[in-house]
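Everything on this sheet refers to the single structure shown next.
The values are calculated or read from the model by the stated rules, or taken from the named source; none is laboratory data. Because the structure is a prediction, the values reported are computed rather than measured. Here the Cβ positions follow ideal geometry from the backbone for every residue, glycine too, while neighbour counts run over all protein chains shown.
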Amino acid sequence: MKQGDDSHIDITLERGLKDRAQRTLLDIDLALEAGELELIAPIEARLGQLMMAMKTEYLAAPEKIKAMLYTVYGIDVSIEYLDDAIYQVLDSTSKKNYDDVRKELENE
């Protein structure tokens with residue numbers, strides 16, 4: 001609690017701070033209801049689902065590419081070469097520091 005010059009609690013100041021905090025909470029609640037703000041947890045869950053869907057698509061790509069190369073160009077490619085390329089992409093993606101991105105989003 002803030003105190004005045006003579007070491008007494010400044011009730012007026014404290015009430016003002018409390019009112020300001022309550023208004024801020026009300027503004028946040030109204031913005032959430034209006035869709036102007038979103039909570040981080042549901043966004044993280046959706047992003048996790050999106051990342052898993054993308055990973056599934058990446059892992060399915062080698063078979064699709066192999067079939068396309070054979071059908072269109074008559075080239076039979078070893079699936080291991082394509083798998084290696086996909087795993088390299090997934091590996092480099094998983095090593096990126098996404099905490100920095102999260103902090104930037106939280107600060108906006």
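On the given criteria, is K64 basic (K, R) and at pLDDT below 85? First the steps, then the outcome.
Details: basic (K, R): yes; at pLDDT below 85: no.
The answer is no for K64.
Please count how many residues of segment 16-56 are among the basic types (K, R) and either farther than 30 Å from I86 by Cβ or touching a Gly at 6+ places or on another chain (Cβ under 8 Å) (or both). Here the count works out to 3.
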